[in-house]
Amino acid sequence: MGIRLASEVKSYVDEWIRDTNLGRLSFIGHSLGGLIIRAALPYLECYSSKMHLFMTFSSAHLGYMNSSRIIETGMWLMRQWKRSKCLQELSFADASDIKDTFLFKLSKMEVNRNFNQYRFLNFHLRD
């Protein structure tokens, strides 16, 4: 999904904005959207000097490991209902070694340093 988002951003900029006129580039994402944005950033390095704001609301940047019982139960039900690569990635079940999981690799990417401002907003659910 990150590759597709990066492709859409590049197409939009190429079609509607001349590269010399592009001022700042900001991204705002909610929930899974925040992770999709993070996954797109390595493919948007050509705009690194234009990156301004990266803001996410309730995005599971740390996955759903050790989360509340409510979320764990919901994740279990969703995995039983539908086999989803995304759900496996969010629960670190996409590889046997945690260092090979998608979220771990995403956390090691250094492209996020290009932004002038970061805002990660979350809230805590209580059991």
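Straight-line reach only, C-alpha to C-alpha below 21 angstrom: list the lysines that Lys10 could link to, leaving out same-chain residues fewer than 8 apart.
Answer for Lys10, where 21 Å is the Cα cut-off: Lys50, listed by chain and number.
How much length would be gained if the chain were fully extended between His30 and Trp16, taking 0.36 nm per residue of separation minus their Cα-Cα distance, in nm to one decimal?
2.5 nm
How far, in nm, would the chain grow between Met1 and Ser96 when pulled straight, counting 0.36 nm per residue and subtracting the alpha carbon separation?
Going from the current span to full extension adds 32.0 nm.
Report, ordered by chain and residue number, the lysines lying within cross-link reach of Lys85, taken as a straight Cα distance under 21 Å and ignoring same-chain residues fewer than 8 apart.
Lys99, Lys105, Lys108
Here, each number is a calculation from the coordinates, and none is a lab measurement. Quantities reported herein were computed from a predicted structural model and do not represent experimental measurements.
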